[in-house]
Amino acid sequence: NKYKFETILVNIIDDSIALVTFNRPKALNSFNYQMGKELLDCCRLLDKDDNVKCIVLTGSGTKSFACGADIKEMANHDMAYMMKKGHLIDNLCDLREIEKPIIAAVNGYALGGGCEVAMICDIIVAGENAVFGQPETKIGTIPGAGGSQRLIRAVGKSKAMEMILTGNPIDAQQALQFGLVSCVVPIDKTIETALKMAKQIASLSPIIIKLAKVTVNNAQESNLTEGLNIERRIFHSTFALKDRSEGMNSFANKRKPNWTNN
Ligand code: HXC
C-alpha cells in the first residue's frame, strides 16, 4: 500500500476501491490543516491510479464522519492567513476536481466542513445515527467550503436557511426526506453499503463513469437548455469509445462486457 498518511488511513479493497478513513478520533475527525492536505493529496493520487475505480470516504469509529474544521487550530487565525492560497478551505473545495466517483459513508456527525465534504462527494450513504449540519454561525462565521451553495441545491432554500441561520442539524431520516442522502442504513452497514455501491460502479467502464459524473455535475452549473446540450454532446462522444461498442455488443451477444477503458 503506497498510500501512507498520518491523519487518514487508506485501504485498497479488491484492487479497485479505495476506502479512505479520517483518523483523528480524539477530535471527532475534525479537519486540521494536515488532514485537509492529506485528504486532497490522497484523492489526487487515487484519481491517477488506474487500478482504483471508486473512492469511499468515511470517519474512524461511528460517532463522527467529520466534525468540520479544527476549531482550536482556526481560532486565532486572521483574515489574511485564511485567504492564503492552499489553506484548509482550498484543500477541501478542490476535492470537486476529483474525476473518479466518491461515496461518503457517514456515521454520526457530518458538521461544518464535514457536511461540506460529504456534499462534494457524489453519493452520500447515511447510517441511522448520521447528523448533518452547518453550525458555523454558532461560532461566529459562515460555511466556507461550499455549504451555503451545495446545501440549498440539495435540500431547498427554506431548510438550508433554517440549518444555516439556526445552526441546528438534521438527522438521517430528515436528510433522506430532503434528498441530501441517497439511503439510510443501520450503523454497522454504512461502510458495507457504500462499498457495495462502489463495487458496482467499479465493475463498469471507468471512462464512461467519468463522463457520466461530469455530465450529472454539470446539471448544477447550467440552465436546462445548456445542460441538455452538453448531455447530448457527451452522449454522442461515447460513440467514439470502444467501451460503448463493447457494452452494447456484449448485451446483444449475451456475454459479459470486457471493458478496456478506451
Ligand atoms: C476541534 C473538536 C471539533 C472541532 C469536536 N472536537 N469537534 N475540536 N474542532 N470541530 C473535539 C472536542 O473539543 C473534544 O475535545 C472532542 O472533540 C470530543 O468532542 P465533545 O465536544 O466533547 O463531544 P460531544 O460533547 O459529544 O459533542 C459533539 C459535538 C461537539 C456536538 C459534535 O463536539 C461540537 O459541537 N463540535 C463542533 C462542531 C462544529 O461547530 N463544527 C463546525 C466547525 S467550523 P477535548 O480535547 O475537549 O476532548 C467549520 C468551518 C468550515 O467547519 C470551513 C471550511 C473548512
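Please treat every number below as a calculation from the coordinates, not as lab data. Predicted, not measured: the structure shown is a model, and the values here were computed from it. All Cβ positions, even for glycine, are placed from backbone atoms using ideal geometry, and neighbour counts span all protein chains on display.
Answer rounded, prolate or oblate for the range 181-262, using the Cα gyration tensor with square roots of eigenvalues a ≥ b ≥ c: rounded when a/c is under 1.5, else prolate when a/b is larger than b/c, else oblate. Intermediate values should be presented prior to the final figure.
Details: a/c = 2.84, a/b = 1.14, b/c = 2.49.
Note, shape of the range 181-262 comes out oblate.
Quick one: check the C-alpha center-to-center distance for the range 148-179 versus the range 217-262, whole angstrom.
Rounded to whole Å, the Cα centres lie 33 Å apart.
From Cα pairs below 8 angstrom and at least 6 apart in sequence, can you work out the relative contact order of the range 114-246, rounded to a whole percent?
26
For the range 63-83 and the range 84-135, what is the separation of their Cα centres, given in Å?
15
Against the globular-protein guess of 2.2 N^0.38 Å, express the Cα radius of gyration of the range 80-174 as a ratio, rounded to two decimals. Don't skip to the end; give the middle numbers.
Details: Rg = 13.2 Å, N = 95, 2.2 N^0.38 = 12.4 Å.
Ratio of Rg to 2.2 N^0.38 Å for the range 80-174: 1.06.
Calculate the dipole size of the chain relative to its Cα centre from +1 charges on Lys and Arg beta carbons and -1 charges on Asp and Glu beta carbons; express the result in debye to the nearest 20. Provide the component values of the computation, followed by the final result.
Values: 31 positive and 28 negative charges, 114 e Å.
The dipole of the chain has a size of about 540 debye.
Once every DSSP H run of n ≥ 4 in the chain is given -39500 (n - 2.57) and the sum is divided by its residues, what mean residue ellipticity at 222 nm do you get, rounded to the nearest 500 deg cm²/dmol?
Working: 12 runs with 115 residues, N = 262.
Helix-only estimate at 222 nm: -12500 deg cm²/dmol.
Between rounded, prolate and oblate, where does the range 118-262 land on the alpha carbon gyration tensor, with a ≥ b ≥ c its root eigenvalues, rounded for a/c under 1.5, else prolate if a/b exceeds b/c? Spell out each step's value before the answer.
On the way: a/c = 3.26, a/b = 1.73, b/c = 1.89.
Oblate, since a/c reaches 1.5 and b/c is not below a/b.
With axes computed from alpha carbons, what is the tilt in degrees of helix 157-166 against the longest principal axis of the chain, rounded to the nearest 10 within 0 to 90?
30
For the charge dipole of the chain, defined by +1 on Lys and Arg C-beta atoms and -1 on Asp and Glu C-beta atoms about the Cα centroid, which residue among Gly140, Ser245, His87 has the Cα displaced farthest towards the positive pole?
Looking along the dipole axis, the top candidate is Ser245.
Positive end of the charge dipole of the chain (Lys, Arg +1 and Asp, Glu -1 on Cβ, about the Cα centre): tell me which of Ile102, Ala130, Ala66 has its Cα farthest that way.
Ile102
When the chain is fully extended, how far beyond the present Cα-Cα distance does Phe235 get from Ala219, taking 0.36 nm per residue of separation? Walk me through the numbers on the way to the answer.
Values: separation 16, 0.36 × 16 = 5.76 nm, distance 1.43 nm.
Length difference between fully extended and current span is 4.3 nm.
Between the DSSP loop rule and a limit of at most 13 other Cβ atoms within 10 Å, which GluC sites (Glu not before Pro) in the range 205-243 are left? Walk me through the numbers before you get to the answer.
Values: sites: Glu221, Glu226, Glu231; in loops: Glu221.
Here the sparse-neighbourhood loop sites are Glu221.
Compute the Kirkwood hydrodynamic radius of the range 43-97, taking the inverse of the mean of 1/r over all pairs of distinct Cα atoms, and give it in Å to one decimal. Each step should come with its number before you reach the end.
Working: mean 1/r = 0.0720 Å⁻¹.
Over the range 43-97, the inverse of the mean reciprocal pair distance is 13.9 Å.
Given Cα pairs under 8 Å that are at least 6 residues apart, what percent is the relative contact order of the chain? Present the calculation step by step, with values, prior to reporting the outcome.
Values: 466 pairs, mean separation 40.9, N = 262.
Computed over the chain, the figure is 16 percent.
Quick one: Karplus J couplings for the range 147-155, per residue in order, coefficients 6.51, -1.76, 1.60, θ = phi - 60°, nearest Hz, x for Gly and Pro?
x, 6, 9, 7, 5, 5, 6, 7, 10
How long is the chain along each principal axis, judged by its Cα atoms, biggest number first, in Å?
For the chain, the Cα extents along the three principal axes come out at 62, 45, 39 Å.
When only C-alpha pairs under 8 Å and at least 6 residues apart count, what is the relative contact order of the range 1-133, in percent? Provide the component values of the computation, followed by the final result.
Details: 256 pairs, mean separation 32.9, N = 133.
Taking the mean separation of contacting Cα pairs over the length of the range 1-133, I get 25 percent.
Assign one of three labels to the range 32-141, namely rounded, prolate or oblate, based on the Cα gyration tensor with a ≥ b ≥ c the square roots of its eigenvalues; rounded applies when a/c is under 1.5, prolate when it is not and a/b is larger than b/c, and oblate otherwise. Spell out each step's value before the answer.
Numbers: a/c = 2.25, a/b = 1.20, b/c = 1.87.
It is oblate, given that a/c is not under 1.5 and a/b is not larger than b/c.
In terms of modelled amide H atoms, which long-range or inter-chain residues lie less than 5 Å from the amide H of Ala69?
Residues meeting the amide H criterion: Phe31, Gly113, Gly114.
Using a Förster distance of 35 angstrom, determine the FRET efficiency expected from the C-beta separation of Asp49 and His77, and round it to 0.05. Each step should come with its number before you reach the end.
Numbers: r = 34 Å, r/R0 = 0.96.
It comes to 0.55.
How tilted is helix 242-252 with respect to the longest principal axis of the chain? Cα atoms for both, answer in degrees (0 to 90, nearest 10).
60
Using Cα atoms only, what is the angle between the long axis of helix 190-202 and the major principal axis of the chain, expressed in degrees (0 to 90) to the nearest 10?
It is inclined by approximately 30 degrees.
Taking θ as phi - 60°, what are the ³J(HN,Hα) couplings along the range 228-233 by the Karplus curve (6.51, -1.76, 1.60), each to the nearest whole Hz, with x for Gly and Pro?
Values per residue, Gly and Pro as x: 5, 4, 5, 4, 4, 4 Hz.
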